[in-house]
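Everything on this sheet refers to the single structure shown next.
The values are calculated or read from the model by the stated rules, or taken from the named source; none is laboratory data. Because the structure is predicted, anything quoted here is derived from the model rather than measured. Cβ: placed from backbone, ideal geometry, glycine included. Neighbour counts: every protein chain shown.
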């Protein structure tokens with residue numbers, strides 16, 4: 001299966017620690033997105049990349065969050081000095097540039113629990 | 001800014017038809033999408049409407065009225081496996097590549 005993969009699937013950390021999530025998109029997809037989802041809510045946009053360029057970052061995202069996609073392939077999302085409010089599912093999605101529908105292909109997510 | 005509104009919960013009977021509505025506010029519009037998400041799973045794409053009218057894909061259909069800033073997802077011949085959350089989504093007004101999701105409608109199917 002060559003879908004979007006995310007690692008780790010689950011992460012439990014203590015408040016104040018740093019965490020990093022990795023996303024491997026579908027190989028031919030140029031666009032890569034990060035979303036955050038809490039229980040009972042829809043995915044909330046965090047940031048997206050076109051190849052290695054980070055084209056937009058949510059204003060809701062504090063400077064504790066940073067994302068990279070150094071070679072236009074996999075991406076990492078780092079959260080520094082985690083807070084309990086960061087507990088959520090972090091979803092990665094990819095899409096082809098040429099897609100007319102803008103369909104996003106999501107990974108299974110990385111669930112973060114901050115104690 | 002943009003906003004999407006959809007009912008938080010809908011309950012229906014197995015074998016019946018259910019409609020999930022979505023209204024949106026956006027200054028620019030590139031299309032309305034629908035996604036399905038089962039508990040513990042990833043959102044998966046169902047449909048996309050860029051123009052007014054009905055798009056049918058098997059038991060699922062999606063409708064769009066751009067003049068009313070309104071769309072709906074219609075699910076027919078409901079099956080227990082259709083129990084899931086359904087999200088409408090629009091492309092961002094400033095960037096067609098940024099996709100914004102509604103808060104979702106949780107559909108529960110009763111036998």
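General remarks:
Residue-by-condition table, conditions (1) farther than 30 Å from residue B:108 by Cα; (2) buried (at least 20 other Cβ atoms within 10 Å of the Cβ); (3) more than 10 Å from the chain's Cα centre (by Cα):
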| residue | (1), (2), (3) |
| --- | --- |
| A:15 | yes, no, yes |
| A:40 | no, no, yes |
| A:46 | no, yes, no |
| A:53 | yes, no, yes |
| A:64 | yes, no, yes |
| A:101 | no, no, yes |
| A:105 | no, yes, yes |
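- If the condition is being assigned to a strand (DSSP E or B), within 10 Å of another protein chain (Cβ to nearest Cβ) and either over 20 Å from residue B:104 (Cα atoms) or without any contact (Cβ under 8 Å) to a residue 40 or more places away in the chain (or both), then region B:32-64 contributes B:44, B:45, B:47, B:48, B:49.
- Scanning region A:26-46 for residues that are touching a residue at least 24 places away in the same chain (Cβ under 8 Å), facing chain B (nearest Cβ under 10 Å), in a strand (DSSP E or B) and closer than 16 Å to residue B:97 by Cβ turns up A:31, A:33, A:35.
- Filter result (in contact with a strand residue (DSSP E or B) (Cβ under 9 Å, 6 or more places away or on another chain) and surrounded by fewer than 15 Cβ atoms within 10 Å (Cβ to Cβ)) within region B:50-65: B:51, B:52, B:53, B:54, B:56, B:57, B:59, B:65
- Selection status of residue A:108, part of a loop (DSSP other than H, G, I, E, B), under 30 Å from residue B:10 (Cβ atoms), in contact with a strand residue (DSSP E or B) (Cβ under 9 Å, 6 or more places away or on another chain) and at pLDDT 95 or above: yes
- Among the residues examined, residue A:95 qualifies as at pLDDT below 95, in contact with a strand residue (DSSP E or B) (Cβ under 9 Å, 6 or more places away or on another chain) and crowded, with 19+ Cβ neighbours inside 10 Å.
- Taking the criterion of being buried (at least 17 other Cβ atoms within 10 Å of the Cβ) and either at the interface with chain A (Cβ under 9 Å from one of its Cβ atoms) or out of contact with any helix residue (DSSP H, G or I) (no Cβ under 9 Å at 6 or more places or on another chain) (or both), the residues of region B:75-91 that qualify are B:78, B:82, B:83, B:84, B:85, B:86, B:87, B:88, B:89, B:90, B:91.
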